[in-house]
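Worksheet for the structure shown next.
The values are calculated or read from the model by the stated rules, or taken from the named source; none is laboratory data. If you're wondering where the values come from, they're calculated on a predicted model, not measured in any experiment. We place every Cβ from the backbone using ideal geometry, glycine too, and count neighbours over all the protein chains shown.
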Amino acid sequence: MLSIQNLHARVEAKPILKGVTLEVPAGEVHAIMGPNGAGKSTLSYVLSGRGGYEVTEGTASLNGEDLLSLEPNERAAKGVFLSFQYPLEIPGVPALTFIRTAVNAQRRARGEDEIAAPAFLKLAKEKAAALKIDFEMLKRGLNVGFSGGEKKRMEIFQMAMLSPKFLILDETDSGLDIDALKIVSEGVNALRSPERGMLVITHYQRLLDYIKPDRVHVLAAGRIVASGGPELALQLEAEGYDKYAGAAA
């Protein structure tokens with residue numbers, strides 16, 4: 001599904017990714033773990049098309065289609081979704097308006113009819129209830145005045161409404177208490193599907209207690225230096241990342 005080959009990228013002339021190779025098949029959840037500065041968030045931004053990140057070598061494709069040649073909105077229409085570590089606030093734009101606009105923009109880009117207001121509201125109420133989101137919150141400015149946990153739940157709500165093909169979660173557990181972590185994880189797990197892939201970026205094992213990965217990869221100094229099953233995350237939690245510093249050099 002997602003295929004990354006020898007990917008190099010830099011920010012302001014500084015190399016960050018230095019040859020990342022990764023395959024995430026449809027139906028699987030892969031976790032990327034690593035120390036601060038390893039390039040985890042950079043990888044998520046490069047895949048989603050954020051400006052300021054220059055790819056200097058390598059390829060990234062989704063279902064055989066070159067992602068790097070597409071604009072960010074085109075990647076989104078193809079089914080790429082990035083859940084931000086720090087979701088933005090957009091004053092004056094109600095969350096429901098924002099999400100319906102995004103849903104219909106993607107549907108138009110795929111040549112589909114727009115979703116009618118009654119059908120959209122019915123779906124929104126179902127997804128909000130599952131994530132324990134007060135429907136009144138969706139009438140407020142997007143993320144304005146929301147707690148950290150509420151912002152993360154709003155990200156998962158958007159994900160559920162857009163139903164993307166490939167999910168990238170950039171430290172979704174950051175700033176969450178245990179109750180919020182459980183709710184967010186349940187929302188993510190509800191989206192697991194044989195036709196959908198996920199890349200979960202995290203520092204800590206605790207998120208992976210709730211979102212069980214099929215594979216775990218260690219990213220250090222811009223390269224994937226180790227891969228394994230879920231047990232690798234437990235090893236990292238116990239031993240840290242120091243043993244991988246030499247492999248990344």
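At-a-glance table
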quantity: Leu68 modelled with pLDDT of 95 or more, in a loop (DSSP other than H, G, I, E, B) and under 22 Å from the mean Cα position of the chain (by Cα); calculated: yes
quantity: Filtered residues of region 157-187 (kept if hydrophobic (A, V, I, L, M, F, W, C), within 13 Å of the chain's Cα centre (by Cα) and modelled with pLDDT under 90); calculated: Val184
quantity: Set Pro72, Pro25: member being under 27 Å from Arg110 (Cα atoms) and touching a helix residue (DSSP H, G or I) at 6+ places or on another chain (Cβ under 7 Å); calculated: Pro72
quantity: Qualifying residue in region 146-154 (condition: of a type outside the set (Asp, Glu) and touching a Pro at 6+ places or on another chain (Cβ under 6 Å)); calculated: yes
quantity: Residue pairs meeting the criteria (Cβ under 6 Å; at least 6 apart or on separate chains; first free of Cβ contacts under 8 Å to residues at least 24 places away in the same chain, in region 63-91; second buried (at least 17 other Cβ atoms within 10 Å of the Cβ)); calculated: Leu67/Ala60; Leu67/Arg75; Leu68/Ala60
quantity: Residue check for Leu7: of a type in the set (A, V, I, L, M), in contact with a helix residue (DSSP H, G or I) (Cβ under 9 Å, 6 or more places away or on another chain) and modelled with pLDDT of 95 or more; calculated: yes
quantity: Residue list for region 112-146, filter: touching a Gly at 6+ places or on another chain (Cβ under 9 Å) and among the small types (Gly, Ala, Ser); calculated: Ala130, Gly141
quantity: Candidates Ala129, Ala109, filtered to the one that is closer than 30 Å to Gln5 by Cα, at pLDDT below 95 and among the aliphatic types (A, V, I, L, M); calculated: Ala109
quantity: Of all residues in region 18-45 being in a strand (DSSP E or B) and under 23 Å from Asp173 (Cβ atoms), the one that is farthest from the chain's Cα centre (by Cα); calculated: Val20
quantity: Number of positions in region 57-76 that are aliphatic (A, V, I, L, M) and more than 11 Å from Val46 (Cβ to Cβ); calculated: 3
quantity: Residue in region 47-61 that is part of a helix (DSSP H, G or I) and either of a type outside the set (A, V, I, L, M, F, W, C) or under 17 Å from the mean Cα position of the chain (by Cα) (or both) present; calculated: yes
quantity: Count - residues of region 212-229 that are in contact with a strand residue (DSSP E or B) (Cβ under 6 Å, 6 or more places away or on another chain), outside any strand (DSSP E or B) and under 18 Å from Leu167 (Cβ atoms); calculated: 2
quantity: Search result, residues across region 204-234 that are at pLDDT 90 or above and among the polar types (S, T, N, Q); calculated: Ser227
quantity: Options Lys127, Lys122, Lys132; residue that is farther than 22 Å from Glu74 by Cβ, basic (Lys, Arg) and in contact (Cβ under 8 Å) with a residue 40 or more places away in the chain; calculated: Lys132
